[in-house]
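This is the structure I want to talk about, given as structure tokens.
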Amino acid sequence: MRRKVTNRNVPLPDVVYGSVKIEKLINYVMERGKKNTARKVVYDAFEIIKEKKKDIEPLEVFDLAVKNTGPLMEVVSKRVGGANYQVPREVRPERRFSLALRWIIGAANAKKGKPMHEKLAEEILAAANNEGEAVKKRELMHKMAEANKAFAHFAW
């Protein structure tokens with residue numbers, strides 16, 4: 001069995017909101033090492049969220065979006081006696097957060113015709129309302145886990 005990782009690199013909190021989660025979002029948005037560009041995209045997206053949701057803080061909307069998007073169960077392929085089974089298992093909190101970010105950013109990237117900060121803001125707002133592509137992806141993963149519940153006894 002694998003040992004627990006003890007030296008996880010945790011980024012420092014971002015400068016505007018003082019949140020490690022926002023800094024991780026910036027790191028996920030970043031392409032080719034252009035962190036300032038990624039920061040601008042994320043902060044502009046949060047400005048759009050602030051304008052659209054005047055009564056709620058953008059950080060709360062983001063946390064709700066991540067909570068709504070993060071999967072509780074996933075399927076993992078396991079080989080048993082020459083056959084591959086899709087075994088459902090629980091998702092660790094760190095992986096749940098990273099999958100949620102990856103799906104939100106991927107859904108925003110898939111849209112065409114708008115600047116990235118607008119697409120990201122739309123996807124975060126949609127995820128906060130339990131809508132959008134990232135939430136659909138979570139629902140699909142839960143359906144797969146539910147369909148393969150019979151193979152749960154193969155879990156390690």
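The values are calculated or read from the model by the stated rules, or taken from the named source; none is laboratory data. All figures in this text were calculated on a predicted structure; none of them were measured in a lab. Don't worry about glycine lacking a Cβ; one is built from the backbone with ideal geometry, like all the others, and counts go over all protein chains shown.
Tally up the residues in the stretch 83-97 that are among the β-branched types (V, I, T) and either within 27 Å of I124 (Cα to Cα) or within 11 Å of the chain's Cα centre (by Cα) (or both), please.
Number of matching residues: 1.
V80 is checked against (1) of a type in the set (A, V, I, L, M); (2) crowded, with 19+ Cβ neighbours inside 10 Å; (3) over 20 Å from the mean Cα position of the chain (by Cα) and fails just one. What number does that condition carry?
Answer for V80: the failing condition is (2).
Out of (1) over 16 Å from K24 (Cα atoms); (2) of a type outside the set (S, T, Y); (3) surrounded by fewer than 13 Cβ atoms within 10 Å (Cβ to Cβ), what's the single condition that is false for E94?
Of (1) over 16 Å from K24 (Cα atoms); (2) of a type outside the set (S, T, Y); (3) surrounded by fewer than 13 Cβ atoms within 10 Å (Cβ to Cβ), only one is false for E94: (1).
Taking the options V80, V15, name whichever one is farther than 18 Å from G132 by Cα, in contact with a Phe, Trp or Tyr (Cβ under 7 Å, 6 or more places away or on another chain) and among the β-branched types (V, I, T). Even if it seems obvious, please write down each step before you answer.
Values: V15 fails: in contact with a Phe, Trp or Tyr (Cβ under 7 Å, 6 or more places away or on another chain).
Among V80, V15, only V80 is farther than 18 Å from G132 by Cα, in contact with a Phe, Trp or Tyr (Cβ under 7 Å, 6 or more places away or on another chain) and among the β-branched types (V, I, T).
Ok, one more. Identify all residues within the stretch 95-114 that are more than 15 Å from L64 (Cα to Cα) and in contact (Cβ under 8 Å) with a residue 24 or more places away in the chain; write none if there are none. I'd like the intermediate steps shown before the answer.
Keep residues of the stretch 95-114 that are more than 15 Å from L64 (Cα to Cα), which gives 95, 102, 105-114.
Of everything in the stretch 95-114, those that are more than 15 Å from L64 (Cα to Cα) and in contact (Cβ under 8 Å) with a residue 24 or more places away in the chain turn out to be R102, I105, G106, A107.
Would you mind stating whether V87 is buried (at least 18 other Cβ atoms within 10 Å of the Cβ) and modelled with pLDDT under 90?
yes
Looking at the stretch 44-75, which of its residues are farther than 17 Å from A127 by Cβ, without any contact (Cβ under 8 Å) to a residue 60 or more places away in the chain and not acidic (D, E)?
K54
Show the residue pairs meeting these rules: Cβ distance below 9 Å; 6+ apart or different chains; first residue within the stretch 137-152 and under 24 Å from V66 (Cα atoms) and modelled with pLDDT of 85 or more; second residue among the hydroxyl-bearing types (S, T, Y) and surrounded by 13 or more Cβ atoms within 10 Å (Cβ to Cβ).
Cβ pairs passing all conditions: K137/T69; R138/T69.
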